[in-house]
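Here the structure comes first, spelled out in structure tokens, and everything after it is commentary.
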Amino acid sequence: MENIQVEKKTWLNKLLDFLEYTGNKLPHPVTLFFGFAVIIVIASFITAQLGLSVTHPSTGEIIHPVNLLSVDGLHRIILGMVKNFTGFAPLGVVIVALLGITIAEYSGFISAILKLLITSAPKLLITASIVFCGVMSNIATSVGYVLVIPLGAIIFLSIKRHPLVGMAAAFAGVSGGYSANLVLGTADPLLAGISEEAAKIVDPSYLVSPACNWFFLFASAFVITALGTWVTEKIVAPRFKKYEGEHKEELTPITKEEKKGLWWSLWTFLVFVALILWGILPVDGFLRGAGGDVLHSPLFKGVVPFIFIIAISIGIAYGLGAGTIKNDKDVIKGMSKGISTLSGYIVLVFFAAQFVAFFKWSNIGLIIAVNGATFLSALNLPTIPLLIAFVLFSAIINMFMGSASAKWVILAPVFIPMLMLVGYTPEITQLAYRIGDSATNLISPMMSYFALIVAFFAKYDEKAGIGTLIATMIPYSIVFLVGWSIMFAIWIWFGLPIGPGSEIFLAH
């Protein structure tokens with residue numbers, strides 16, 4: 001009798017399979033977000049009747065739940081419905097960036113670049129490269145969500161691997177590694193400004209530099225890349241069998257026309273690089289912000305328009321050189337084709353935007369965050385356990401409030417003064433917050449781009465839903481949280497500076 005070997009699954013794979021199975025039994029994400037919105041409206045009525053309240057840590061204002069089932073609440077829901085949708089931040093970013101990126105894809109530029117990447121890079125380094133590119137994409141705020149994550153899927157398709165594995169690796173770098181980078185990004189001055197205001201409650205002269213966490217975040221870029229690569233290859237990839245979907249990405253040798261198109265696109269790109277350097281390097285450069293500021297310059301604050309302009313220019317240059325674009329009609333056709341793929345996402349965003357707005361209006365998220373912060377501040381723990389506890393608390397709060405800056409506005413006035421009074425710098429408190437906030441971005445439904453990633457997953461697997469996404473990403477979230485916390489504890493143990501002039505303990 002022929003022996004039939006049955007593949008034995010580890011307990012982790014069984015758990016992830018269970019999470020995926022049960023998660024995919026949930027209704028369609030659109031229905032789910034609609035249900036969440038209804039639940040928030042009902043919960044706002046109940047909490048208002050119970051008379052719950054908290055004191056806002058920075059303003060001293062008494063925060064009460066807002067009853068959305070009242071006449072005023074219903075008026076707000078009706079009158080704010082359109083604005084909630086059109087004002088949903090990721091929507092405009094995705095559409096504008098995609099208009100340019102689709103031309104680069106439609107013209108064949110992205111496929112040609114992928115050929116060079118796949119043929120020149122060892123397969124062993126491709127996963128690490130994708131995670132690292134995701135980490136580095138955070139220089140430009142949210143560009144990684146609309147560029148690196150879809151490219152991760154395309155690259156894995158090109159090397160005959162499952163596209164969702166490549167997408168997961170990219171998502172891990174972009175979202176899970178949001179607070180790791182080799183250079184400063186736009187989030188650094190934003191969070192530092194909030195920390196400085198909180199520090200002045202204790203010391204009115206205290207200043208917090210945007211680079212206050214840079215040394216730690218620099219090292220974190222390599223740690224997150226290594227951890228993300230390990231999770232991808234050892235935990236995530238084995239769960240996905242051979243991809244049998246309709247999407248294919250066959251790599252053929254680069255043709256003469258493609259080489260010509262690449263040269264044209266390269267020269268176009270270099271022209272843009274020269275213009276950007278001309279505008280940003282001189283102290284009075286035309287791309288600098290007020291007072292010659294670089295981090296708040298149009299280059300960083302307007303990164304999405306830059307992506308659109310550069311991507312569409314490179315795509316057109318490649319298409320003209322390679323002969324894949326003949327005239328303006330081809331350009332419009334490429335744009336239209338790209339936007340048509342967003343139809344499902346746009347429907348999803350409408351309901352997700354209502355849910356997020358209701359959650360904010362009701363003050364339920366604010367009350368949860370403040371009560372949790374008060375509880376943690378009452379604990380009397382030693383240095384490492386205390387800061388790790390704050391990391392974990394930040395990770396949990398991230399599941400209820402999506403905006404990193406909004407949460408920090410609430411938490412900073414509580415924790416920074418408290419920890420300053422017992423000898424800890426605002427910089428180390430901010431760093432603990434950033435670690436926890438980044439680690440659970442991958443599985444937080446409140447993360448602004450969560451709906452977009454669900455739509456990306458469904459492109460390659462129509463059966464994929466929230467369960468598939470969470471089951472795929474939760475290993476990254478756990479490993480990042482544990483690995484980053486260990487790194488954080490070691491950093492504290494050896495008393496290493498976390499940034500230029502930034503220490504762990506206040507000088508006495």
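Here are some notes:
- Enumerated helices (runs of 4 or more DSSP H) restricted to region 399-508, each holding at least 2 residues that are modelled with pLDDT of 85 or more: 426-439, 466-493
- For region 176-215, a residue qualifies if it is closer than 17 Å to ASN138 by Cβ, among the polar types (S, T, N, Q) and either touching a Cys at 6+ places or on another chain (Cβ under 8 Å) or at pLDDT 80 or above (or both), and the qualifying residues are SER179, ASN181, ASN213.
- A residue that is at pLDDT below 85 and under 29 Å from GLY319 (Cα atoms) occurs somewhere in region 278-298.
- Per this entry, ALA311 is counted among residues that are farther than 21 Å from SER444 by Cβ and in a helix (DSSP H, G or I).
- Qualifying position, being under 29 Å from ASN181 (Cβ atoms), at pLDDT 85 or above and either in contact with a Leu (Cβ under 9 Å, 6 or more places away or on another chain) or part of a helix (DSSP H, G or I) (or both), among TRP230, TRP264: TRP230
- Which listed residue is modelled with pLDDT of 80 or more and either on the phi < 0 side of the Ramachandran plot or of a type in the set (S, T, N, Q) (or both), from GLY173, GLY144: GLY173
- Residue check, GLY319 in contact (Cβ under 8 Å) with a residue 24 or more places away in the chain and surrounded by fewer than 20 Cβ atoms within 10 Å (Cβ to Cβ): no
- Filter result (modelled with pLDDT under 90 and within 29 Å of the chain's Cα centre (by Cα)) within region 41-58: HIS56, PRO57, SER58
- Residue selected from region 441-457 under the condition within 10 Å of the chain's Cα centre (by Cα) and among the polar types (S, T, N, Q), by the criterion farthest from LEU392 (Cα to Cα): SER448
- The set of residues from region 378-401 being among the polar types (S, T, N, Q) and surrounded by 18 or more Cβ atoms within 10 Å (Cβ to Cβ) comprises SER394, ASN398.
- So TRP484, is it closer than 30 Å to TRP361 by Cα and of a type outside the set (Val, Ile, Thr): no
Here's the yes/no breakdown for (1) within 26 Å of VAL38 (Cα to Cα); (2) more than 25 Å from the chain's Cα centre (by Cα):
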| site | (1), (2) |
| --- | --- |
| LYS337 | no, yes |
| ILE346 | yes, no |
| GLN354 | yes, no |
| PHE358 | yes, no |
| GLY365 | yes, no |
| LEU379 | no, yes |
| THR383 | no, yes |
| LEU386 | no, yes |
| VAL391 | no, no |
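- Residue satisfying condition, being among the hydrophobic types (A, V, I, L, M, F, W, C), touching a Ser or Thr at 6+ places or on another chain (Cβ under 6 Å) and surrounded by fewer than 23 Cβ atoms within 10 Å (Cβ to Cβ), within set MET418, MET487: MET418
- Restricting PHE306, PHE269, PHE222, PHE218 to residues that are modelled with pLDDT under 90, out of contact with any Gly (no Cβ under 8 Å at 6 or more places or on another chain), in a helix (DSSP H, G or I) and surrounded by 13 or more Cβ atoms within 10 Å (Cβ to Cβ) narrows the list to PHE306.
- Answer from GLY465, GLY436 - the residue that is surrounded by 20 or more Cβ atoms within 10 Å (Cβ to Cβ) and touching a His at 6+ places or on another chain (Cβ under 8 Å): GLY465
- Filtered by the rule that a residue be surrounded by 13 or more Cβ atoms within 10 Å (Cβ to Cβ) and part of a loop (DSSP other than H, G, I, E, B), region 272-301 gives GLY285, LEU287, ARG288, GLY289, VAL294, LEU295, HIS296, SER297.
- Residue count for region 406-425 satisfying the condition of being touching a Phe, Trp or Tyr at 6+ places or on another chain (Cβ under 8 Å) and among the β-branched types (Val, Ile, Thr): 1.
- Test result for PRO150, farther than 21 Å from ILE504 by Cβ and in a helix (DSSP H, G or I): yes
- Scanning region 161-206 for residues that are touching a residue at least 24 places away in the same chain (Cβ under 8 Å) and part of a loop (DSSP other than H, G, I, E, B) yields a count of 16.
The values are calculated or read from the model by the stated rules, or taken from the named source; none is laboratory data. Everything numeric in this text was worked out from a predicted model, so none of it was measured. Virtual Cβ from ideal backbone geometry, glycine too; neighbours counted across all protein chains shown.
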